[in-house]
Amino acid sequence: MPNPVYAYTKKIPASESNSIIVDSGIGIPVYLIKPGTPQDQRVKISVKALIDTGCSKTSISKRLAATCKLVAFQKTKMENAGGVAVVNVYTVDVFLPNNVRFNNVSVAEYEDNNRFDIIIGMDILKHLDLSITNANGQMVFSIRQPPDAFHIDYEKMQKKDKSAKNMKDQLRKKQVI
């Protein structure tokens, strides 16, 4: 029996097309909320997540870490546009919008903002197929797990078919669009 495919697609409004923010989730140990429960039980909390291919590691906002009463297991140096800071590192489960779960992810904290609670970086994104398309001026973000058996190669398709119509027909046949 083949493994199930978990996919998610979101149309990004033009007013939000400078970043991709999706509904996501984190799993935290239940004992942080209800002392005395087994340490391996997790509760899922809904969060807003920024998809960031320029970020190597998934991160959590300082505010969310404090709200969830997360306990840091180490500190690390984190470099960003403002310089280098020493920050706490926590362990959480990360749920993608397609309900794929990544267990025991080490996440460093970042300074708060009011748009998103976590940043999903390449440590997670490298395990997915991810696409951003802009057909007819509409940005569409899509992910799937597990990755597909073939790559989308627009350059190769263009060289082979020499026309946009044939390229679209090929994608439709492969049910990509």
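Annotations for the structure displayed:
- Per-region count, segment 91-103, residues open to solvent by 70 Å² or more (accessible area, probe 1.4 Å) and either out of contact with any Phe, Trp or Tyr (no Cβ under 6 Å at 6 or more places or on another chain) or not charged (D, E, K, R) (or both): 2
- Hey, K57 surrounded by 11 or more Cβ atoms within 10 Å (Cβ to Cβ) and touching a helix residue (DSSP H, G or I) at 6+ places or on another chain (Cβ under 8 Å) or not: yes
One line per residue, one yes/no per condition, for (1) of a type in the set (G, A, S); (2) assigned to a helix (DSSP H, G or I); (3) open to solvent by 70 Å² or more (accessible area, probe 1.4 Å):
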| position | (1), (2), (3) |
| --- | --- |
| K77 | no, no, yes |
| V89 | no, no, no |
| V105 | no, no, no |
| N113 | no, no, no |
| F116 | no, no, no |
| D123 | no, yes, no |
| I132 | no, no, yes |
| A149 | yes, no, yes |
| K156 | no, yes, yes |
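- Sole exception among (1) open to solvent by 30 Å² or more (accessible area, probe 1.4 Å); (2) assigned to a strand (DSSP E or B); (3) free of Cβ contacts under 8 Å to residues at least 24 places away in the same chain for A66, by number: (2)
- Test: residue in segment 169-176 that is at pLDDT 95 or above and closer than 23 Å to I20 by Cα: no
- Meets criteria (open to solvent by 90 Å² or more (accessible area, probe 1.4 Å), part of a strand (DSSP E or B) and at pLDDT 95 or above) for K44: no
So that you can scan it fast, the table gives a plain yes or no per residue for (1) over 24 Å from A7 (Cβ atoms); (2) polar (S, T, N, Q):
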position: T76; (1), (2): yes, yes
position: G82; (1), (2): yes, no
position: N113; (1), (2): yes, yes
position: L128; (1), (2): no, no
position: A135; (1), (2): no, no
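The values are calculated or read from the model by the stated rules, or taken from the named source; none is laboratory data. Worth saying up front: this structure is predicted, and the values here are computed from it rather than measured. As a convention, Cβ positions derive from the backbone with ideal geometry for all residues, glycine included, and neighbour counts pool all protein chains shown. Calculation scope for accessible area: heavy atoms of the full protein, side chains included, ligands and nucleic acids excluded. Shrake-Rupley method; radii C 1.70, N 1.55, O 1.52, S 1.80 Å.
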